[in-house]
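**Q** The structure is given below, and queries will be raised subsequently.
A short reminder: the numbers here are calculations on the coordinates, not readings from a lab. Owing to the predicted nature of the structure, the values given are computational and were not obtained by experimental measurement. Positions of Cβ are backbone-derived with ideal geometry, glycine not excepted, and every protein chain shown enters the neighbour counts.
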Amino acid sequence: DQQVKQNSPSLSVQEGRISILNCDYTNSMFDYFLWYKKYPAEGPTFLISISSIKDKNEDGRFTVFLNKSAKHLSLHIVPSQPGDSAVYFCAASETGNQFYFGTGTSLTVIP
Amino acid sequence: ETGVTQTPRHLVMGMTNKKSLKCEQHLGHNAMYWYKQSAKKPLELMFVYNFKEQTENNSVPSRFSPECPNSSHLFLHLHTLQPEDSALYLCASSHVGAGGYEQFFGPGTRLTVL
């Protein structure tokens with residue numbers, strides 16, 4: 001059974017607007033969360049992380065929010081740019097060694 | 001070379017072949033990982049090596065055999081694979097114990113088993 005779920009396989013957003021990518025998890029023991037971005041023919045690239053002691057982490061245009069009671073995290077990209085078009089994966093871990101990944105959300109930013 | 005490199009980038013093999021995938025990290029990390037990514041499925045962790053010792057083997061069939069001769073190199077030896085083993089195989093590394101858990105990925109090897 002999947003422990004990390006990304007229920008939206010795709011998302012289209014106009015350039016300059018906000019992109020919101022969502023991720024849900026089932027294991028309440030997860031305490032470290034990562035977001036990755038993947039272009040075709042490349043490996044995933046680390047974007048931003050958050051630990052369970054925080055509910056928000058910001059890095060430039062990227063902000064990750066964590067709602068532990070809802071077992072939900074989201075990645076906000078603002079403003080969205082065409083170069084942000086990629087597949088975004090969330091991942092969660094209890095130990096920091098074994099991460100469970102979602103199936104990804106393909107983001108298209110329309111110029 | 002920087003980051004995590006993987007060779008070959010593409011591999012086509014028959015079910016009776018033996019081949020090996022190679023991964024090298026130039027980041028000074030102490031943990032390395034093999035993942036499998038099949039179409040429409042999440043990344044599946046296959047093996048974890050911490051300080052050259054295998055610490056995780058997620059019920060991977062024995063036709064996949066990992067080898068970690070040192071903390072910079074990781075191999076995945078393939079033998080008598082099945083067509084359903086066709087997938088993207090990704091290697092990653094991280095520095096365990098440094099406070100962060102981010103894993104850095106290589107570009108992957110696209111494997112096709114005929």
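**Q** Let me know the number of lysine pairs in chain B closer than 19 Å at the Cα, not counting same-chain pairs under 8 apart.
**A** Values: B:K18/B:K36; B:K19/B:K36; B:K22/B:K36; B:K22/B:K52.
Final tally of qualifying lysine pairs is 4.
**Q** A follow-up question, please. Take the Cα of B:T55, step 7 Å along the line toward its Cβ, and report every residue of the stretch B:77-114 whose backbone nitrogen sits under 16 Å from that point.
**A** Counting backbone N atoms under 16 Å from the label point, the list is B:92-104.
**Q** A further question follows. Less than 20 Å apart at the alpha-carbon level, and either on another chain or at least 8 residues along: which lysines does that give for A:K54?
**A** Filter leaves A:K68, A:K71.
**Q** Where does the charge balance sit around A:D55 when Lys and Arg score +1, Asp and Glu -1, over other residues with C-beta under 14 Å from its C-beta? Write out the running numbers ahead of the final one.
**A** Numbers: positive: A:K54, A:K56, A:K68, A:K71; negative: A:D31, A:E58.
Net charge in that neighbourhood comes out at +2.
**Q** Suppose every Lys and Arg Cβ carries +1 and every Asp and Glu Cβ carries -1, with no other charges. What dipole size does chain B come out with about its Cα centre, to the nearest 20 debye?
**A** That gives a dipole near 360 debye.
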